[in-house]
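All remarks here apply to the structure that follows.
What follows is calculated from the coordinates using simple rules that are stated; it is not laboratory data. Keep in mind that this is a model prediction, so the values were computed, not measured. Neighbour counts are summed over all protein chains in view; Cβ atoms, including those assigned to glycine, are modelled from backbone coordinates with ideal geometry.
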Amino acid sequence: MNGSTSSHSASESTLIRDMLSRIAGHPTRHWETRPSGAHLGVRGTVRLPDGHAFFRRHPDRRIDEDDLRARIPGLEAFIRVMHDDLGGVRPVAVGFSNGAITAAALLMLHADLLSGAVLFRPLSPFVTPPLSNLDGLPVLVLDGAHDERRSPGDGFRCAQGLAAMGADVTHHVVPATHALTDRDERLAIAWLRRTSITRPEAVSQ
């Protein structure tokens, strides 16, 4: 789930998509060959001057929670159709920035939809999180220590909120800005290899 925004150049967006695709297609500890594996890139429907997003923001850059909640059902329905087409396999969401926030919202609003998530540079999607039981769902949260587009602690608060709902959260802060780095990729792949997700053939990015 790559929510491109106007601050990402076309070349940056391509690099983001390529990295997410590599992570999404990487085998895990329990499914080393993945002969029938598949990963699918999902793009937000909100048009921006230089890309797309999954939801709108207020002029002061706060998340428009009403808009986000209104858009989640369409994305949920799409993922459930994909789930049925793939024989009941729940996908792993791999999201960056706007896409990571949206993936976190999906986890909070539809606990049965995903089998796990990798969230790069997220923040909490809701000021008041919904009541949900994530029942040990594995989630990786990766923050940038020098992220110019996040306030200090944004990612930690998102990780803390998901953990309070019962998710099995791993949280790392990497020495990086908002942009993804090779270290992000290595940490994500290592986490996927050791996590308890058993058959993540379908990965939404």
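Ordering 82, 108 by the number of other Cβ atoms within 10 Å of each residue's own Cβ, fewest first, gives 82, 108.
Length available on full extension from residue 193 to residue 47: 0.36 nm per residue minus the Cα-Cα distance, which gives 49.1 nm. Neighbour counts of C-beta atoms inside 10 Å place 94, 89 in the sequence 89, 94, starting with the fewest.
How much net charge surrounds residue 113 when only other residues with a Cβ under 14 Å from its Cβ are counted (Lys, Arg +1; Asp, Glu -1)? Working shown, then result.
Details: positive: 80, 90; negative: 76, 84, 112, 135.
Its environment carries a net charge of -2.
Here the Karplus relation 6.51 cos²θ - 1.76 cosθ + 1.60, evaluated at θ = phi - 60°, turns the backbone of segment 75-87 into coupling constants of 5, 4, 4, 4, 5, 5, 5, 4, 4, 5, 5, 9, x Hz, with x for every Gly and Pro.
Converting phi to 3J(HN,Hα) with the Karplus coefficients 6.51, -1.76 and 1.60 and the offset θ = phi - 60°, segment 188-194 yields 5, 5, 5, 5, 4, 5, 9 Hz in sequence order, with x at every glycine or proline.
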